[in-house]
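So the structure is just underneath, and the comments pick up after that.
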Amino acid sequence: MKIYFYCVLLLGSIILQTQAQTSQSNTSLPTHGVSTFGKLKYPADFKNYEYVNPSAPKGGSLRLGSMGSFNSLNPYIVKGTPPAIILLTTATLLEEARDRAAESYGYTAESVERAPDNSWVIFRLNPKATFSNGDPITADDVIWVFETLRDKGAPMYRTYYKNVSKTEKLDPHTIKFSFNTTSNRELPLILGQLPILSKKYYMTHPFTETSLEPSPSSGPYVVESMPTGRSIVLKRVKNWWGESVPSQKGRHNFDTIKVDYYLENNALFEGFKSGQYDLRVESIAKNWVTAYTFPACQQNLIKREELKYSTSSGSVGLIFNTRRPIFSDIRVRKALTLLFNFPWINKHLFYDLYQRNTSYFPNSDFEATGLPTQAEKNVLKQFQTQLPPEIFNEPFSLPNPQGEEDYRMLQEQAQNLLKEAGYEIKDHVMTNVKTGAPFVFEALIYDKSLEKIFLNFAVSLKRLGIELKLRNMDPAAYQVRADNLDFDMIYVGIGQSPNPGNEQRDYFGTEKANTPGTQNYAGIQNPIVDKLIEILINSKSYSELVTNVKTLDRVLLSGYYMIPAWHSGVVRLAYWDRLSKPSILPKYIGFDMTTWWFDAEKDKKLKSVAAQNNVTNGRQSSIWKTICSWFS
C-alpha cells in the first residue's frame, strides 16, 4: 500500500496496529537467520556453511588482475569508479547463503526477529563487532547507513528501500525497521544486505564525494596501500571480530589481496601468463580454446577448470537506449535483433562455447521457456488486451540462421519492419522517410574483446544501409556516459540473484528510467512491467515467485529492449597452482574467491618447477625469471 493510504487510515487504525504489534512481539522469536520462503537449511547451532573448509589455513597472498581503473573507494554512490574488491572491507547485517535461494544468516547482526505478519524486522547486533579503528558498531551506525543510502546513495537504494516506513533504535545494539506493507517478504533479506559504515567517520567526511581515503573497515580486510594508483592492496584484519561468526568461518583466508589494473585485455592476459597475478576468470572464448599453450601450462603450473553454477547469468545484451528517437519504435528494435547473426559469431568467434540467451534470467528457474503455463496465464490475463497475442500463443525465440539463405530471409523481414517504421533504402542508405536522416547510431564499449562482435554486427547492418559507429572508450569515461544515459547502444550485464525481487524496480521500472545512475539502461517505461514487478515482489512462495518472474521475463522479451547476449552456464577459471579451494562448491555462484586459500605446499612445488625451467630452458629463460621473481 502507499504511505498516503496509511495516513488516511491512521486515526482509525492506530490502536489496532499498536495492539497487533504488541501481540506479535510476544509471539515472534529472534532467530539466527531468515528465509523469504520456507525453512532455514542451517540449524541454530551450525558451525559453518558446507561449501567452505572451516580448517582452511590463514596466510599467503592472492594477486588478481582487472580491466580498467578506479578513482574512488566509495561503491555506494553514482560518482566515481570503485574497485570491486573494496566490498571486502565492509561487513553486512546478514550473510547470504550461496547454496540456498533467499536465505541469510547472522553476520554483524547476531540475531533477527521478524513479525509474523511481516510488518517489521528487528536486528540485534553482535556486541563484539567493531570497526578497524576500535570503535564499536552500534545501532546509530546502522540507522545512519540506511538513511544515508536511501537519501544520498545510488538511485537503486531509494527503490530498494521504498517499503521501509520507519527506523527505530530500541537500544544501543538493537534496530527495528517497520514496513508500509506486509506482502513484501524480501524486505528482511534486503535490509540484511546493509553495509556497515562508520557514522562517526562520515560526520567529518562527505559521503557523496569520491575519495581515495579509506574509511574505517567493518569487514575482514582494510586498505593497506594503493602503491601505483593502478593497484590496490588489502590486508586481512588480525583478530577480526567476525572470524568466529559461523557465516564467516573458513572464509577470508589470504593475508593480503592485491589487484593490478590493466588498460586492455591483451596486456591483462600477458600479465597472467608471466605470473604477475594468480587467478583469471576467462571470458574470452578464443583464449580458452587456443591461448593456454604457454610454458607454465605445459609444465602443469596452471590449472584450468569449468565450474558449473545454477543461478541466472544475468540480464545481458546489447541494450537499446529507447530514450533516443531512433530506438523508440519497437519495430526498429526488433529489426536490428533479427539482423544480429549469433550463430555465425558463436562459430567463428566463440568456438561454439556459448548458448544464446532467450531470457532476462537465463540458466535459472526463472527463465520463461515454451508456452506460458496456466499459472503464468492467470497472471498475464489481467493485461491481455494490452499485450501482443504471441505472448500467449507462441514461445519466444530468436533467429538461428544456418546459412546465407536463412540470413537473407531475416534481412527481408527486418527491411519490412523498418519500412513499417518509416524507413526506406535510398542510394544504398537506410533513410528516415519523414526527415531524410540516414539511419546511423553509435555503440560504446570499453573492452577491446567486444570489438569483433560489434564489427561483425556493423557489417550485417551495412547490408541494409544502416551505419553502426563503434567507439572504444576508457573505462572511466565509458562509465560516466553509461551513468548519465548518454549512449545509443551499450553492451551491459545486470546481475540477477537467485531470488529476484525489489531490485527489479531499478532494473526495469518506470520510476528510475530517467535517473542518472539507474540500471534501467534501456529506459523502460512500461506500466505492465511496473505492475509485474510489484506482483513478483509480493510473491508468497518460491513457486509463486518463479511464476511471477517468468511473466515479467515474457513481457520484457516482447518489448525488444535489448538484443539478448549469450551464456555458458560455467565459470572458466585459470589459476597458478598455489591456491586451493573447498571440495564442495556453492550452488548459486560456482566460484567464491572468499573460500579459497594459499597452499604453502603447492607454492613450494611451483617455485621448484619454475626454478628448474629457468635453468634448463634457455629460450624461455626471461619468462621464467619473471615468474620466479613473482613467486619468490
Tabulated pairs, segment 239-261, first at positive phi and outside the structural domain of ALA44 (by TED's automatic domain parsing), second of a type in the set (D, E, K, R) and surrounded by 19 or more Cβ atoms within 10 Å (Cβ to Cβ), C-beta under 9 angstrom, 6+ apart or interchain: HIS252/ARG236
Selection status of ALA476, crowded, with 20+ Cβ neighbours inside 10 Å, within 30 Å of GLY517 (Cβ to Cβ) and of a type in the set (A, V, I, L, M, F, W, C): no
Selection from segment 278-301 of residues that are over 23 Å from ASP447 (Cβ atoms) and in contact with a strand residue (DSSP E or B) (Cβ under 9 Å, 6 or more places away or on another chain): ALA296, CYS297, LEU301
Wholly within segment 139-203, helices (runs of 4 or more DSSP H) carrying at least 3 residues that are surrounded by fewer than 19 Cβ atoms within 10 Å (Cβ to Cβ), among the acidic types (Asp, Glu) and in the same structural domain as ASN126 (by TED's automatic domain parsing): 139-152
Positions within segment 483-523 being more than 21 Å from TYR446 (Cβ to Cβ) and assigned to a loop (DSSP other than H, G, I, E, B), in sequence order: GLN496, SER497, PRO498, ASN499, PRO500, GLY501, ASN502, GLU503, GLY509, ALA513, ASN514, THR515
Near pairs, Cβ below 6 angstrom, 6+ apart or cross-chain, from segment 208-227 (of a type in the set (Asp, Glu)) to any residue that is in a loop (DSSP other than H, G, I, E, B) and modelled with pLDDT of 95 or more: none
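Residue-by-condition table, conditions (1) crowded, with 22+ Cβ neighbours inside 10 Å; (2) within 30 Å of THR385 (Cα to Cα); (3) not hydrophobic (A, V, I, L, M, F, W, C):
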{"position": "LEU532", "(1), (2), (3)": "yes, yes, no"}
{"position": "LYS550", "(1), (2), (3)": "yes, yes, yes"}
{"position": "VAL571", "(1), (2), (3)": "no, no, no"}
{"position": "ARG578", "(1), (2), (3)": "yes, no, yes"}
Flag for LEU557 being part of a helix (DSSP H, G or I), touching a helix residue (DSSP H, G or I) at 6+ places or on another chain (Cβ under 6 Å) and buried (at least 17 other Cβ atoms within 10 Å of the Cβ): no
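Per-residue answers, yes or no, for (1) farther than 26 Å from LEU349 by Cα; (2) hydroxyl-bearing (Ser, Thr, Tyr); (3) out of contact with any Phe, Trp or Tyr (no Cβ under 9 Å at 6 or more places or on another chain):
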residue	(1), (2), (3)
GLU451	no, no, yes
VAL459	no, no, yes
MET473	no, no, no
ALA476	yes, no, no
ASN502	yes, no, no
ASP506	yes, no, no
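The values are calculated or read from the model by the stated rules, or taken from the named source; none is laboratory data. Just so we're clear, the structure is a prediction, and the values are computed from it rather than from any experiment. FYI the Cβ positions are ideal-geometry reconstructions off the backbone, even for glycines, and counts take in every protein chain you see.
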